[in-house]
1. I want to check the label-to-label distance for Cys165 and Lys140. Put each point 7 Å from Cα in the C-beta direction and report it in nm to one decimal.
2. Compare Tyr144, Tyr153, Tyr34, Tyr93 by solvent-accessible area with a 1.4 Å probe and give them largest first, with all protein chains kept in place.
3. Obtain the nm distance between the two label points defined at Thr94 and Tyr34 by a simple spin-label model: each point lies 7 Å from its Cα along the Cα-to-C-beta direction.
4. Got a sec? What order do Asp46, Asp65 fall in by accessible area at 1.4 Å, biggest, i.e. largest, first?
5. Rank Val10, Val102 by accessible area, highest first, at a 1.4 Å probe radius?
6. With all protein chains present, how much of the accessible area of the stretch 55-109 (probe radius 1.4 Å) comes from carbon and sulfur, to the nearest whole percent?
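The values are calculated or read from the model by the stated rules, or taken from the named source; none is laboratory data. Not measured: the values here are computed from a predicted model. Cβ placement follows ideal geometry from the backbone for every residue including glycine, while neighbour counts extend to all protein chains displayed. These area figures cover heavy atoms from the full protein model, side chains too; ligands, DNA and RNA do not enter into them. Shrake-Rupley method; radii C 1.70, N 1.55, O 1.52, S 1.80 Å.
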Amino acid sequence: TVLAMTPTRVVTWRLHHIVNLFALCRSPVVHVTYEASDVVLAVSRDHSARLFGSDGNCLCTLLPDSAVSRMQKVVYAPGTFIGLLGSGEVFAYTTARTTASVKYHFGADKTINDIELCQVKVTREVADDGGDGVGNDDDKDKCYLLCATAKGYVFAYDTDTAKECAAQSVHKDAISHILRCGERT
């Protein structure tokens, strides 16, 4: 599947035929990504963001407000739009309804320069019944937000709760970009 972006729409196509056509009503698209959860995230010039399902229907719209209009980067974790503001703050919006609403925000004291998502397979080591937990139905993907800071730190936050899970000094200089390349990197 290939995603193509035009000034007014996002098109997915596969082997010489159009699969779905996504009409975008507000503003030309400036960024588009295909997410692992089989959805398309499209960010428009007016700073609005839209989440589209594989059938082409708009699942949720993030309309610009004072925070959204200052976002430098927007990512999608299951159920949540997450945006990085130029001020280094992170704002998260729930996608439970057709219009996104604020879920949480943090980072004003950390000077965050970049964000990236990290999906981790979480398995139960020991089942409640004393079993080994292998092949358990409780195994699931957990999503974390990695934040790179101007002070050389990388912080990990739970995308559901905004709880800080880890902090690591990784460089003596400011980190300008963070990129998750693979499962173990």
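1. For Cys165 paired with Lys140, the spin-label model returns 1.3 nm.
2. Numbers: Tyr144 55, Tyr153 90, Tyr34 125, Tyr93 5 Å².
I get Tyr34, Tyr153, Tyr144, Tyr93, largest accessible area first.
3. Using points 7 Å along Cα→Cβ, the separation is 3.1 nm.
4. Details: Asp46 40, Asp65 60 Å².
If we order Asp46, Asp65 from most to least accessible, we get Asp65, Asp46.
5. Values: Val10 0, Val102 85 Å².
Largest to smallest exposure gives the sequence Val102, Val10.
6. Values: 1240 of 2490 Å².
Carbon and sulfur: 50 percent of the exposed surface of the stretch 55-109.
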